[in-house]
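S.K.: I am attaching a structure below and will ask some questions about it afterwards.
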Amino acid sequence: MKNSLVIFKKEIKEVIRNKNIWLPVLIITVVFSIALPVLFIAGSGALLDDGDTIDFVNKIFGEIGDPLEALLGFVLKQLLIFLLLIPAMVPSLIAPASIIMEKENNTLEPLLATPLKTSEILMGKSLTALVPTFVISTINFILLTIVVDITAYIKLGYAPLPTLEWAVVAFVLSPILAFIITMVSIIVSAKSTDIRSAQGIGGAVIIPIYLIIGLQVAGFFLLNILYLLIGSLVLLAVCPLMLRLAVKIFDRENILTKWKMNR
């Protein structure tokens, strides 16, 4: 673990200086943690004046006492799911850069030639992706809570967050997803010499995120704590499999040989 922390401390400095990582994170933060919640809650009264909105609320929730509270709860579920873009995106930006850029800078060969175990190298590079991801994700979930609660209290007289679903998404589902994307990114990076193709892994996660939201809007199901826990358990079961696969594929001799041949 000590050797892994040495790798982490060295590489985290480079991550902090990488503007290509922070710009998309800043955009997602502004859009989904600040702008959309404020715009929706501020315009919530006008929304319910629209007959289509009332029809949508009745379709999803049936006859309810307070359609505004139900609609707000529905939108907040979608914002929580959208914030999973961060644990999907950030590791896919950091992990490939940590491996492929070292290949390009000729610093990977000396690292792989050291007596460090493969597991120690992978742990250090995984921490480089996972720690910033967890910090950024947590900040975004907290920021969303503050923005929503302040705006909702001023406009509606109550603070809807945090909820149990919020806690599961922020502290269970988000880290699990970040770990899986990190492992997949490491696997792809071990086989690739193109950083752009390796960094495209996080983009694939956007499809199921949009699919989940689309199915809810269409009225096929409504995300709740049970679905979140089942999804978390399924993904958690995948984690050790992805770790074993990453260790197996991250063949030091093979990586060095192929990289030399491709240069």
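Since every read-out is calculated from the coordinates, none of them should be taken as a lab result. Note that this is a predicted model, so its numbers are computed, not measured. No Cβ is skipped: glycine too gets one built from the backbone with ideal geometry, and neighbour counts run over all protein chains shown.
S.K.: Quick one: if you stick a label point 7 Å off each Cα along the C-beta vector at Lys117 and Ile27, how many nm between them?
M.R.: It is 4.1 nm.
S.K.: If you stretched the chain out fully between Val135 and Tyr210, how much longer would it get, using 0.36 nm times the residue separation minus the C-alpha to C-alpha distance? Write out the running numbers ahead of the final one.
M.R.: On the way: separation 75, 0.36 × 75 = 27.00 nm, distance 2.39 nm.
Length gained, Val135 through Tyr210: 24.6 nm.
S.K.: What spacing in nm lies between the two simple spin-label points modelled at Ile230 and Arg244, each 7 Å away from Cα in the Cβ direction?
M.R.: Result for the modelled spin labels: 2.6 nm.
S.K.: Let me ask something else about it. If neighbour count is taken as other Cβ atoms inside 10 Å, put Tyr153, Tyr158 in order from fewest to most. Walk me through the numbers before you get to the answer.
M.R.: On the way: Tyr153 13, Tyr158 10.
In order of increasing Cβ crowding within 10 Å: Tyr158, Tyr153.
S.K.: Show me, for region 22-27, the HN-Hα J-couplings you get by feeding each phi into the Karplus relation (A = 6.51, B = -1.76, C = 1.60, θ = phi - 60°), rounded to Hz, glycine and proline as x.
M.R.: Result, rounded to whole Hz: 7, 5, x, 5, 5, 5.
S.K.: With a 10 Å Cβ neighbour count serving as the proxy for reagent exposure, in which order, fewest first, do Phe141, Phe82, Phe171 appear?
M.R.: Result, fewest neighbours first: Phe171, Phe82, Phe141.
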